[in-house]
Structure formats: structure tokens, C-alpha cells
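The values are calculated or read from the model by the stated rules, or taken from the named source; none is laboratory data. Keep in mind the model is a prediction, meaning the values are calculated, not measured. Glycine also receives a Cβ, built like all others from the backbone with ideal geometry; neighbour counts cover every protein chain displayed.
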Amino acid sequence: MIPFTRPSIGEAEIEAVTEVLRSGWITTGPRVQELEATLADHLGGGVQVRLFNSGTSALEAALLAHEVGPGDEVIVPAMSFVATANVVLRVGARPVFVDVDLVSRNLDAERVAAALTPRTRAVIPVHFAGRPVEMDPIYRLGRERNLLILEDAAQAIGSRQGGRPVGASGNPVCFSFHPNKNITTVEGGALACADPHVVKRVERIRFHGIERDAEGLITVPEWGGKMNLPDVGAALGLVQLTRLEDFNERRRELAQRYLQRLPDHPALLLPEEAEGHSWHMFCVCLDAGALGMERPQVIDWFRRREIGLGVHYPAMHLFPLYRRFGYGEGDFPNAERIGRQTLTLPLFPALTDAEHQQVCDAFHELLENGA
Ligand SMILES: Cc1ncc(COP(=O)(O)O)c(C=O)c1O
């Protein structure tokens, strides 16, 4: 079976993790500090990085550190992994959805501007599948309206924009290192940011609100959770980071080949190449109805050919949790069409040329001959 994704874990990763397990110190410690410093270097050196036990925790801590809370509205894309909206609810604020572009699946400054109200405090653009959002116009809007712009780069480690890595801007940017991501710490995430005040606050928020004085005595000036990454995960991440460029080069090569080799068919809407794209996922829209099928049948048809397809993601505003805010069908046509039609094709560094061709051939068979 060809899965839609699979982490690339080699002997070096296994050795690094084993070394930590044998060291006598397995939770947050020297490996976390080392990965924070190495990631900051990787991002160009102008930011500080703090690691978390998930991308979700990093987003939540960033919102709390900026005091986003009850009474605030936060603009999020209507189509993303649900964590992007859930963290807003978690801090007591209200997510306000905006539609995404059908092809890039990203939000843009015009759509954000149209959703602003006097209560808008923040915007969380998502670099979907590693395709960088056009950030300049959104940052301009943020400056004009005094908004926090918090980039959800959970899917975009190694993506670049304007010649710099995503995460290098100095504004708060969150990454995820979940096993599906382009590099992994098993579970894990990070916040990159240049503001020392924010860095200090997220350090407290990620660990019980604790601050230490020069003698090592603790005090607790504010609430904090339990969001720290263990050294075991950081040791894995340190090795993975050395392989990120190679991983992403292979991802780009495979994505290019999909763009060249998948059938040109009216029922199939492909993503497009973009500068700085790290191709975390290759997501298409397939109009299964035009083939006389429904999406579960399509997924099953591929499964019988030993090909696993993913679904990323349903439109968030149609989940029961968010319908409670008055959202419903027809609010965001692009997000809803993506939600109905999206399929994620196998794309990961260890995918072989032959496996890749098998996926392309299966799409030709389905679209040219029918099920
Ligand atoms: C866009 C987006 N935001 C946030 C997250 C949350 O990251 P994590 O799973 O590390 O908590 C994910 C993870 O899939 C994601 O894809």
C-alpha cells in the first residue's frame, strides 16, 4: 500500500533518540535548547525560536502572549486543519471565517479586509500545504488596523517567501512537527519571533507560568500550561532538520512530476507551482459526481489499487462546533467545494519514481476509462 504520507526516519534519527534515552535526561533539556538555536539559525538568525509539544500549543501560547481573548475576533481561513480555529476559541476569542482561493487555498488581504470589524484583533493566515501566503498586503493591513498577524506555518517549514524562509519575518510564526509534516519531532511545534517580550511570555505560558530568579527560585506571575517538548523529540528534530533541504527538494520534484503527468481533465483541478512552495501536500479537487461516483467510492477505488488518498480538509465553518456561531452552507463557496472534493495524493521524500508513476497511471485509468 502506498500511503499518502510517511515520515522518513533513518538510522541517524534512531541513534540520536537512543542516545537521549540512555542519557538519564529525557524531558526538556539540552537537546531542546540546541534545536531552538539551530532552528533560529536556519531561519536566518534574526528571530528566537521556542519549542512546544505541538503546533497547536505554539499557536495558543502566541495568542495568549498577545492577550487575545474574550471580546476579540480573529480572522481565520474557512478551510484549514481545525486547530487553526480551535485555538481561537480556546483563548476565549471568536473565530471569524473568510473564504480561501480555490487553487492556492490561501486567504488574501482583500478577503481579510472585507471581514474586519471594530472587534478584530488578529488574523491567522495559513500557508496551506506549504504554499506561502502573500504576506506583504496582509502585514500592511495589520499595520493600518493595529492587528496581530500570527502566521500558521504548521505546514510550511522550509517554505520561502521573498528570498527568506517563512518564519524569518520577526512577527510570530508557528510551525508543527507532527509526523506528517516535512520534518518531525514525533509531536511538536515551534514559535519563531523577534520580540523578546513575547518570547519571555511564551516561555512562561508553556510551563506553568513559572519564572526563575538568579538563584533558581521560582515565582509564578501569570497562568501557564504544560506545553514543553521533551529532549527525545528534539533529538529527532535535530537530525531531521539537517535533512530538510533534501526532503523538500524531493517533494518539489515529485510535485512537478504530478503537475506534468496527471491527466488534463475537466473533473480534476490541480494545485499550481508557486515560488518558495515546500509541497507539504499535493491536494487536488476531483468532481467525483462528474464520474458518476462519490468521494468515498473514489478513495476505495484507489485503495483497491493499493494507493492511499487523504482528505485535507473539510470546511471548518460547517462543523457542528462552528455552525453554532451561525455559519452554514453557501457562506464560503471555495472552502466548501474544497471540503467536498479534495483528495491528497501520495507525496513524501521516500516515495519512489515507480510508486509515483503508479498513482499517475491510476488517475489516467479512472479519468479516461471510468471506474
Ligand atoms: C494548518 C495547521 N495548523 C495547526 C496544526 C496543528 O499542529 P499540531 O498537530 O502539531 O498541533 C496543523 C497540524 O496538522 C495544521 O495543519
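If you go through region 258-289 and keep only what is buried (at least 16 other Cβ atoms within 10 Å of the Cβ) and in a helix (DSSP H, G or I), you end up with 258, 288. The number of residues in region 120-138 being free of Cβ contacts under 8 Å to residues at least 40 places away in the same chain and either in the same structural domain as residue 315 (by TED's automatic domain parsing) or not in a helix (DSSP H, G or I) (or both) comes to 3. Taking first residues from region 55-68 that are over 10 Å from residue 190 (Cα atoms) and more than 7 Å from the ligand (Cβ to nearest atom) and partners that are outside any helix (DSSP H, G or I) and of a type in the set (Val, Ile, Thr), the Cβ contacts under 6 Å between residues at least 6 apart in sequence or on separate chains come to 63/91; 64/91; 68/91.
Within region 123-139, can one find any residue that is away from the ligand (no atom under 16 Å from the Cβ), within 24 Å of residue 200 (Cβ to Cβ) and surrounded by fewer than 24 Cβ atoms within 10 Å (Cβ to Cβ)? Yes.
Among the residues of this structure, residue 220 counts as one that is surrounded by fewer than 21 Cβ atoms within 10 Å (Cβ to Cβ) and touching an Asp or Glu at 6+ places or on another chain (Cβ under 8 Å).
A quick yes/no check of all residues on (1) among the basic types (Lys, Arg); (2) touching a Pro at 6+ places or on another chain (Cβ under 8 Å); (3) buried (at least 24 other Cβ atoms within 10 Å of the Cβ):
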position: 143; (1), (2), (3): yes, no, no
position: 153; (1), (2), (3): no, no, yes
position: 160; (1), (2), (3): yes, yes, no
position: 163; (1), (2), (3): no, no, no
position: 188; (1), (2), (3): no, no, yes
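For region 11-40, a residue qualifies if it is without any contact (Cβ under 8 Å) to a residue 24 or more places away in the chain and under 24 Å from residue 349 (Cα atoms), and the qualifying residues are 11, 14, 15, 18. Residue-level check: of (1) within 16 Å of the ligand (Cβ to nearest atom); (2) modelled with pLDDT under 95, residue 45 misses just (1).
Taken as a whole, region 355-367 holds no residue that is part of a loop (DSSP other than H, G, I, E, B), out of contact with any His (no Cβ under 7 Å at 6 or more places or on another chain) and outside the structural domain of residue 181 (by TED's automatic domain parsing).
Can you tell me which residues in region 231-248 are charged (D, E, K, R) and either part of a loop (DSSP other than H, G, I, E, B) or surrounded by 14 or more Cβ atoms within 10 Å (Cβ to Cβ) (or both)? Show your work before the answer.
We begin by selecting, within region 231-248, every residue charged (D, E, K, R); these are 231, 243, 245-246.
The answer is 231, 243.
Can you name the residue in region 154-192 that is within 17 Å of the chain's Cα centre (by Cα), on the phi > 0 side of the Ramachandran plot and not aliphatic (A, V, I, L, M) and is also nearest to the ligand (Cβ to nearest atom) among such residues? Only one residue fits best here, namely 188.
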